[in-house]
Amino acid sequence: MFKKCNCIYRGTNFKLAINFVREYSIIVQAKKGKIIFNYSERIGMNKFKAAIFDLDGTTADTLENLAFCANSVISEFGISPVETGRYKYFVGDGSRVQMQRLLSYRGRYSGPADEGFLEEVFKRYLDFLSVHCADGVVPYEGMPDLLNELNSMKIKCAVFSNKPHPQACKVISSVYPEGTFMDVLGQKDSYPRKPDPAGALMLTEKLQVSPRECIYVGDTNTDMKTGKAAGMYTIGVLWGFRERDELEKAGADLIVSAPADILDLF
């Protein structure tokens, strides 16, 4: 008996995913004539007890805010603002890397000789972000309903982000009711940023689940690498900042178009 069967066809490529009601899934893929067969025991009812979500581009729509904060800061240094859509590719690997990519895009960072300037801009960005990080931020459509449903099913939910920890907590508390997430973990100096799995594994300990009992949900290759390194089932989302191709190349176990699709795993 199937629980779900999906078939995706694009030109010479196709992907057939069959999820069985209880224990197993089969994925058959063809790319440029090459057949890929993937069998998994990790999809099934009652298999997963927890869900860890990325923040920017997954749990909350922060793109306009990220662009506003960064453009406001670089304008203080005489640098022209960058179009909002470009920030989809600046973010994901921490705020310092974001500002490095931004300055590189504007020709103001090219290597170690510019580290001093980067540090000056980055510090100002953190100050600005601490005040304005939640301005205009909203949840993605369908995410509140998904989280409400997961909580009603006693699925333990948490957030793991490369956004600085105080700002990650502030954004979540401004967008979601208290108690939606059992824990929120942003970037701190005490552990490495994603894609290192240390933070994700720390969360599984707090949630009292094993990595195999946890799904990891995100919108970038950094998120897929994080979940994979932690030994979790990884879900790439298409409502965020990156495209399907990036998520597939990063080895996402499942790619979904809407938050409600995640409920099929429970």
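The values are calculated or read from the model by the stated rules, or taken from the named source; none is laboratory data. All figures in this text were calculated on a predicted structure; none of them were measured in a lab. Heads up, the Cβs are rebuilt from the backbone with ideal geometry, glycines too, and the neighbour counts pull from every protein chain shown.
Counting only residues that are within 15 Å of SER161 (Cβ to Cβ) and among the hydrophobic types (A, V, I, L, M, F, W, C), the stretch 183-223 holds 7 of them. Of all residues in the stretch 84-122, those satisfying the criterion of being more than 19 Å from ARG242 (Cβ to Cβ) and either in the same structural domain as ILE172 (by TED's automatic domain parsing) or aromatic (Phe, Trp, Tyr) (or both) are TYR109, PHE117, PHE122. When the stretch 111-131 is filtered for residues that are surrounded by 14 or more Cβ atoms within 10 Å (Cβ to Cβ), within 17 Å of PRO164 (Cβ to Cβ) and charged (D, E, K, R), only ARG124 remains. Scanning the stretch 70-94 for residues that are surrounded by fewer than 23 Cβ atoms within 10 Å (Cβ to Cβ) and under 28 Å from TYR216 (Cα atoms) turns up THR84, GLY85, ARG86, LYS88, TYR89, PHE90, ASP93, GLY94. Test LEU247 against the stated conditions and say whether it is within 12 Å of the chain's Cα centre (by Cα), among the aliphatic types (A, V, I, L, M) and in a helix (DSSP H, G or I). Against the criterion (within 12 Å of the chain's Cα centre (by Cα), among the aliphatic types (A, V, I, L, M) and in a helix (DSSP H, G or I)), LEU247 qualifies. Taking the condition more than 13 Å from the chain's Cα centre (by Cα), farther than 20 Å from TYR89 by Cβ and crowded, with 19+ Cβ neighbours inside 10 Å, does LEU207 pass? So LEU207 passes the test.
For the stretch 179-190, filtering for residues that are at pLDDT 95 or above and of a type in the set (D, E, K, R) leaves 1.
Among the residues of the stretch 228-249, those that are under 21 Å from ALA198 (Cβ atoms) and touching an Asp or Glu at 6+ places or on another chain (Cβ under 8 Å) comprise ALA229, TYR233, THR234, ILE235.
For the stretch 46-94, the set of residues classified as in a loop (DSSP other than H, G, I, E, B), hydroxyl-bearing (Ser, Thr, Tyr) and either closer than 18 Å to ARG193 by Cβ or without any contact (Cβ under 8 Å) to a residue 24 or more places away in the chain (or both) consists of THR58, THR59, THR62, TYR89, listed by residue number. Can you tell which of GLY236, GLY231 is touching a Lys or Arg at 6+ places or on another chain (Cβ under 9 Å) and either under 21 Å from ALA134 (Cβ atoms) or surrounded by 22 or more Cβ atoms within 10 Å (Cβ to Cβ) (or both)? When all the criteria are applied, what remains is GLY236.
Of everything in the stretch 95-110 that is part of a loop (DSSP other than H, G, I, E, B) and of a type in the set (Ser, Thr, Tyr), the residue that is surrounded by the fewest Cβ atoms within 10 Å (Cβ to Cβ) is SER110.
Here THR226 meets each of (1) more than 17 Å from LEU185 (Cα to Cα); (2) touching a Pro at 6+ places or on another chain (Cβ under 6 Å); (3) surrounded by 24 or more Cβ atoms within 10 Å (Cβ to Cβ) with one exception, condition (1).
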